[in-house]
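The values are calculated or read from the model by the stated rules, or taken from the named source; none is laboratory data. The structure presented is a predicted model; accordingly, all values stated were derived computationally and were not measured. Because the Cβ atoms are built from the backbone with ideal geometry, glycine has one as well, and the counts that use them run over all protein chains shown. Side chains are part of the model used for accessible areas, which takes the heavy atoms of the whole protein and leaves out ligands, DNA and RNA. Shrake-Rupley method; radii C 1.70, N 1.55, O 1.52, S 1.80 Å.
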Amino acid sequence: MARKLRRPLLASMLLAVGATLSTAAARAESADTFPSKPITIIVNFGAGGPTDLPPRRIAAYLEKKFKQPVVVENRTGGAGVVGLSAVARAAPDGYTLGTFSASPTVIAPRLRTVPYNARKDFTPVAQIAEYAMPLCVLPTQPWKSVADLMAHARANPGAVTYSTVGTGSGQHIFMEALARAEKVKLAHVPFSGGAGGIAALLGGHVQGALDAALAKHAATGECRALASVGSARHPALPDVPTFKELGYTIDAALWLGLAGPAGMPQAIVDKLSAAILEATEDPSYKDLLKQLLLGDKTAGSAAFRAQVAADDERMAAMMNDLGLTAAK
């Protein structure tokens with residue numbers, strides 16, 4: 001029996017030693033010599049979308065600045081969980097970063113088991129943009145404001161339908177929190193992606209929808225934006241107020257950033273953060289955000305870490321209060 005126990009014990013010891021050596025090696029390189037080899041940015045959603053294109057533009061900027069290749073690798077699956085898991089498992093040496101957004105980070109862990117913890121397993125490096133989502137209705141409908149829509153919902157409990165990208169999504173959580181704040185009952189119609197929900201609104205199958213991609217339809221008059229979720233007015237809808245301007249205290253976690261695994265040397269984090277924020281100030285990057293209808297909100301490592309922690313607590317409380325968490 002003793003001989004059977006030796007190999008697992010030896011394997012565990014070797015893994016522990018390997019992890020220690022990996023961490024030591026990560027910390028051995030100074031910020032002065034970093035980077036001395038290619039950097040990989042893992043994007044946990046498909047190529048070509050609003051989560052993919054900003055880090056690609058930043059990668060091109062970092063290549064010129066650091067004179068090292070910066071490779072963008074799409075690892076999709078699990079609504080962002082697969083790619084994010086790869087980031088959590090990477091060596092904490094600054095050579096592997098990944099896209100960091102709220103849905104797989106602070107929402108998914110409340111809905112199902114994921115192999116990471118938002119605050120313990122990552123090093124937030126920099127926020128690079130903010131998703132901005134308008135709440136839209138069709139222009140043929142009589143509601144000109146959120147107050148109009150809520151008054152109708154109050155008079156017709158459960159009759160107002162709205163679409164989102166899915167149950168437990170940031171949009172769903174926000175809309176249910178809005179309904180709770182207004183003491184109304186709304187009917188949620190979930191879809192497996194944004195396209196279905198948008199088509200449902202534009203086709204008149206639901207009465208409202210909350211989605212970032214609706215901004216372009218609102219800008220052309222295909223739908224009417226009543227308000228938008230975000231820290232500032234939507235760049236494509238400057239005349240549409242934010243929910244905060246209307247006096248609502250509810251909010252959604254809308255950040256898009258870059259993060260690495262836990263345990264990264266602070267000097268390397270600071271160097272990466274400064275370079276990434278420098279990239280976000282480039283005029284071509286700001287133009288890209290406008291094209292993608294993303295908000296131009298950025299933050300360094302310390303501020304981004306604080307935002308992630310605050311939103312982790314806030315989303316947990318909101319989801320528990322709304323009964324949107326899954327038993328584990």
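The share of alpha-carbon pairs in the stretch 155-291 lying farther apart than 24 Å comes to 43%.
Just the protein heavy atoms count here, and of the accessible area of the stretch 82-148 at 1.4 Å, carbon and sulfur take up 54 percent.
When +1 charges are put on Lys and Arg Cβ atoms and -1 charges on Asp and Glu Cβ atoms, the dipole computed for the stretch 254-328 relative to its Cα centre reaches about 160 debye.
Taking 7 Å steps out from each Cα toward its Cβ at residue 222 and residue 89 produces label points 4.0 nm apart. The residues of the chain have, on average, 45 Å² of accessible surface per residue, using a 1.4 Å probe with all protein chains present.
Show log10 I(q)/I(0) for the stretch 195-234 at q = 0.20 Å⁻¹, two decimals, from a solvent-free Debye sum over equal Cα scatterers. The computed values of log10 I(q)/I(0) come out as -0.56.
Dimensions of the stretch 136-178 from C-alpha coordinates, computed as largest minus smallest value along each principal axis and given longest first, are 28, 21, 15 Å. Each principal axis of the Cα cloud of the stretch 226-328 was evaluated for its coordinate range; sorted largest first, these ranges are 42, 40, 21 Å. Taking a straight Cα-Cα cut-off under 25 Å and skipping sequence neighbours fewer than 8 places away in the same chain, the lysines within cross-link reach of residue 286 are 64, 65, 67, 216, 244, 271, 297. Separation of the stretch 73-131 from the stretch 228-279 is 16 Å, based on Cα centroids. For the listed peptides 123-133, 167-177, 32-42, 303-313, a ranking on the average number of other beta carbons within 10 Å per residue, highest first, reads 123-133, 167-177, 303-313, 32-42. When the residues 234, 188 are ordered by accessible surface, computed with a 1.4 Å probe over the protein chains alone, the sequence from largest down reads 188, 234. How much FRET efficiency would the formula 1/(1 + (r/R0)^6) give for residue 147 and residue 199, where r is the Cβ-Cβ distance and R0 is 25 Å, rounded to 0.05? The calculated FRET efficiency here is 0.35. Dividing the summed helix terms, -39500 (n - 2.57) for each DSSP H run of n ≥ 4, by the number of residues in the chain produces a 222 nm estimate of -13500 deg cm²/dmol to the nearest 500.
Only one residue of 141, 48, 125 has its Cα farthest out toward the positive end of the dipole of the stretch 37-141, where Lys and Arg carry +1 and Asp and Glu -1 on Cβ, and that residue is 125. Summing Cβ point charges (Lys, Arg +1; Asp, Glu -1) relative to the Cα centre of the chain gives a dipole of roughly 1140 debye.
Calculate, in whole percent, how much of the Cα-Cα pair population of the stretch 259-308 lies beyond 18 Å. Within the stretch 259-308, distances greater than 18 Å cover 39 percent of Cα pairs. Once label points are set 7 Å from the Cα along Cα→Cβ at both residue 64 and residue 270, what is their separation, rounded to one decimal in nm? Placing both labels 7 Å along Cα→Cβ, they lie 2.6 nm apart. With contacts taken as Cα pairs under 8 Å at a separation of at least 6 residues, the stretch 105-212 carries a relative contact order of 33 percent.
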